[in-house]
Amino acid sequence: MSSYFEARKISPEFYKNYKLPSYLSNRLPKDKSLPILDFGCGFGQTLLALRDLGYENIIGCDVDDEAIEYCISQGLKVENCSNLDEFVVKYENKFDMVLMLHVLEHFPKTEIIQTLSKINKILKKQGKIIIVVPNAQSSIGAYWAYEDFTHELIFTSGSLYYVLKMAGFEEIKFINIDCTEGMSTIKKIIKKFLLKIYKAKIHFWNRITSSSFHKQSPEIYSWEIKVLAVKK
């Protein structure tokens with residue numbers, strides 16, 4: 001039987017030139033000695049990028065033995081977290097930041113809040129979590145719901161806010177909503193202008209078709225949703 005990564009045609013070479021996106025690098029702790037966990041680290045591309053930036057206390061965890069072995073071969077500290085309860089006991093109140101990048105959508109819906117509650121426990125007080133998931137509101141939301149056969153569900157901003165709130169997180173903030181961080185000023189202006197046209201078109205047809213959005217939830221149209229939340 002093929003492994004997950006083999007079946008998805010993904011290898012360490014796929015991430016050979018990976019660099020942290022601006023929305024992530026801009027929100028990392030300034031103190032590079034603080035402990036950071038990459039939960040569901042895969043082949044360790046984010047950990048390697050963090051190490052290149054000088055972060056000293058970085059740990060990864062995953063459930064795929066092939067990925068874990070590769071990470072260790074690269075000198076990274078990575079553990080198996082198949083037994084999440086044991087992992088939580090070992091690292092309770094340990095981390096200043098947890099990264100969960102395209103991981104949450106792989107958990108069954110009935111386990112999402114419970115899983116986030118457990119991750120909450122491994123954060124220090126006022127510790128932060130950054131989560132990135134596929135966006136159901138995107139024009140290609142259906143594609144990302146089914147492109148990866150192991151996706152259990154994908155999120156809107158409202159459903160992601162809900163599960164974080166129910167898991168005990170506070171100060172839940174959606175970041176880089178327009179995907180303009182790291183762009184030049186002129187590119188930001190052009191993109192934001194075009195997005196206004198795109199949103200106006202959607203709102204127009206929503207009125208015609210008697211459709212609507214949950215007004216309290218931010219309208220995000222990029223293929224992924226990015227959120228930062230803080231432990232109480």
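The values are calculated or read from the model by the stated rules, or taken from the named source; none is laboratory data. Just so you know, these numbers come straight off a predicted model, no measurement behind them. Virtual Cβ from ideal backbone geometry, glycine too; neighbours counted across all protein chains shown.
The test for being surrounded by fewer than 19 Cβ atoms within 10 Å (Cβ to Cβ) and aliphatic (A, V, I, L, M) holds for V63. In this entry, S82 passes the filter for residues that are surrounded by fewer than 18 Cβ atoms within 10 Å (Cβ to Cβ) and either modelled with pLDDT of 95 or more or polar (S, T, N, Q) (or both). If the condition is being crowded, with 17+ Cβ neighbours inside 10 Å and farther than 17 Å from I175 by Cβ, then the stretch 5-35 contributes F5, P12, L34, P35. Of note, I197 does not satisfy the criterion of being under 26 Å from D31 (Cα atoms) and not aromatic (F, W, Y). Scanning the stretch 111-154 for residues that are in a loop (DSSP other than H, G, I, E, B), among the hydroxyl-bearing types (S, T, Y) and either under 16 Å from L37 (Cβ atoms) or over 17 Å from the mean Cα position of the chain (by Cα) (or both) gives a single hit, S139. Starting from residues that are assigned to a helix (DSSP H, G or I) and within 17 Å of the chain's Cα centre (by Cα), keep the ones in the stretch 88-110 and report whichever is surrounded by the most Cβ atoms within 10 Å (Cβ to Cβ). If we take residues in the stretch 88-110 being assigned to a helix (DSSP H, G or I) and within 17 Å of the chain's Cα centre (by Cα), then L104 is surrounded by the most Cβ atoms within 10 Å (Cβ to Cβ). So for the stretch 211-219 (the condition being among the hydrophobic types (A, V, I, L, M, F, W, C), in a loop (DSSP other than H, G, I, E, B), surrounded by 12 or more Cβ atoms within 10 Å (Cβ to Cβ) and under 21 Å from the mean Cα position of the chain (by Cα)), does at least one residue qualify? Checked the stretch 211-219: no residue is among the hydrophobic types (A, V, I, L, M, F, W, C), in a loop (DSSP other than H, G, I, E, B), surrounded by 12 or more Cβ atoms within 10 Å (Cβ to Cβ) and under 21 Å from the mean Cα position of the chain (by Cα). Of note, E181 does not satisfy the criterion of being among the acidic types (D, E) and under 19 Å from I154 (Cβ atoms). Annotation note: Cβ proximity below 6 Å between a residue of the stretch 175-199 that is of a type in the set (A, V, I, L, M) and a residue that is part of a helix (DSSP H, G or I) (sequence gap 6+ or interchain) occurs for I175/Y23.
Looking only at residues of the stretch 179-202 that are of a type outside the set (K, R) and touching a Phe, Trp or Tyr at 6+ places or on another chain (Cβ under 9 Å), we find that the one that is surrounded by the most Cβ atoms within 10 Å (Cβ to Cβ) is C179. Determine whether F193 is hydrophobic (A, V, I, L, M, F, W, C), assigned to a loop (DSSP other than H, G, I, E, B) and at pLDDT 95 or above. So F193 fails the test.
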